[in-house]
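The values are calculated or read from the model by the stated rules, or taken from the named source; none is laboratory data. Since the model is a prediction, treat every value here as computed from it, not as a measurement. Every residue, glycine as well, gets a Cβ built from its backbone with ideal geometry; the counts of neighbours run over all protein chains shown. With ligands, DNA and RNA removed, areas are computed over all heavy atoms of the protein, side chains included. Shrake-Rupley method; radii C 1.70, N 1.55, O 1.52, S 1.80 Å.
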Amino acid sequence: QAGMRPSYSVSLDYAYEIDPKGSEVRTSIEYSGHNRSGDYLYKQRALQGYSPEYTQIQRQNGHNQNVNYKLDYTQKIGQTQKVEAGLYGSWQQRLAPSRAWNLLDGEEGPDGSTIYYNSVLIQFNDFDYEEWIAAMYATYGAKFGPFSMSLGLRGEYTNTYVRTRDVEEESAWSSTRRGYFEVYPTAFLSYAFPNNHELQANYTRRINRPRGRQINSFRDMSDSTNISFGNPLLDPEISSAVELNYLKTWDNHAISAGLYYRFSDNAIERVRYLDDNVMYSTFEN
């Protein structure tokens, strides 16, 4: 049967105008979450000489909750310059208990469906993930004649805590806590030449954190020959990009050309390996 996914969210926003020229302070806090639960039935009928026939049920539950906080300050300097600064904080928790059983000794019920009265637990997994992020940033934007620029710097500290267990015993929990600090600079430069020619140069550094099934260690065994699971020890992927663009505009049309180069550290990739005629799929840096 399909699962249910009720969700909820509440937020509070406040804005204070320092002066009518555009200087202001904005702050917001948001709490959100969603639950999911469901039983999923899988039947496998294999050719003779291959994996045996079986019927399996997977029970997947989850409870996710998030808190996000932002404080942004904007200060205009004259008509052509602007300074922005802010703070950001977030906390999230993902709880995902999952179970799987092979269903045995079935018989046909009154409505023609199969009724099972015996089962064997073949998969047990509890997954508890918490993440805290604290960040601060500042940007400066200006326009001097044909030249425009925006320079930014963001510092961010992340702390993660992962707990998993494969049997229902308190002593079976294994946990990993990690913290890291990263700095993310950005630069956007442009120069407008006469006759609607413009040259742009950009640099960005960003983070891609592993999410969801990428880090959940539950083994999906619905296909006994193709088993997938996540890796709770994944590192975040850090990518940097350099871009150079040329733009020419007319009254009714435009043309653009660009060069783009991107490189990443700790790239997150899906990997597969074969073991005893079973294909396993997971994620690695």
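Data for the structure
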| item | result |
| --- | --- |
| Condition met for GLY89 (over 30 Å from LEU121 (Cβ atoms), without any contact (Cβ under 8 Å) to a residue 24 or more places away in the chain and among the small types (Gly, Ala, Ser)) | no |
| Scan of the stretch 205-242 for residues that are of a type in the set (Ser, Thr, Tyr) and open to solvent by less than 20 Å² (accessible area, probe 1.4 Å), ordered by number | SER239, SER240 |
| Which listed residue, of SER217, SER239, is touching a residue at least 12 places away in the same chain (Cβ under 8 Å), under 24 Å from the mean Cα position of the chain (by Cα) and part of a strand (DSSP E or B) | SER239 |
| The listed residue being touching a Phe, Trp or Tyr at 6+ places or on another chain (Cβ under 6 Å), assigned to a strand (DSSP E or B), of a type outside the set (Asp, Glu) and surrounded by fewer than 15 Cβ atoms within 10 Å (Cβ to Cβ), out of TYR273, TYR260 | TYR273 |
| The stretch 1-47: number of residues that are surrounded by fewer than 14 Cβ atoms within 10 Å (Cβ to Cβ), closer than 20 Å to LYS76 by Cα and modelled with pLDDT of 90 or more | 3 |
| Residue satisfying condition, being in a loop (DSSP other than H, G, I, E, B), surrounded by fewer than 13 Cβ atoms within 10 Å (Cβ to Cβ) and touching a strand residue (DSSP E or B) at 6+ places or on another chain (Cβ under 9 Å), within set ASN252, ASN195 | ASN195 |
| Sole exception among (1) closer than 30 Å to ASN61 by Cα; (2) among the acidic types (Asp, Glu); (3) modelled with pLDDT of 85 or more for ASP223, by number | (3) |
| Which listed residue, of TYR157, TYR161, TYR184, is modelled with pLDDT of 90 or more, assigned to a strand (DSSP E or B), more than 29 Å from TYR261 (Cα to Cα) and of a type in the set (Ser, Thr, Tyr) | TYR161 |
| ARG177 within 21 Å of the chain's Cα centre (by Cα) and open to solvent by 90 Å² or more (accessible area, probe 1.4 Å) | yes |
| Contacts under 9 angstrom Cβ, first residue in the stretch 168-181 being within 23 Å of GLU156 (Cα to Cα) and assigned to a strand (DSSP E or B), partner open to solvent by less than 70 Å² (accessible area, probe 1.4 Å) and among the small types (Gly, Ala, Ser), 6 or more apart | PHE181/GLY155 |
| Qualifying residue in the stretch 70-84 (condition: open to solvent by less than 60 Å² (accessible area, probe 1.4 Å), modelled with pLDDT of 90 or more and closer than 23 Å to ARG5 by Cβ) | no |
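Yes/no matrix, rows are residues, columns are (1) open to solvent by 50 Å² or more (accessible area, probe 1.4 Å); (2) under 21 Å from ASN66 (Cα atoms):
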residue: GLN123; (1), (2): no, no
residue: ALA134; (1), (2): yes, yes
residue: TYR137; (1), (2): yes, no
residue: ALA142; (1), (2): no, no
residue: ASP166; (1), (2): yes, no
residue: LEU189; (1), (2): yes, no
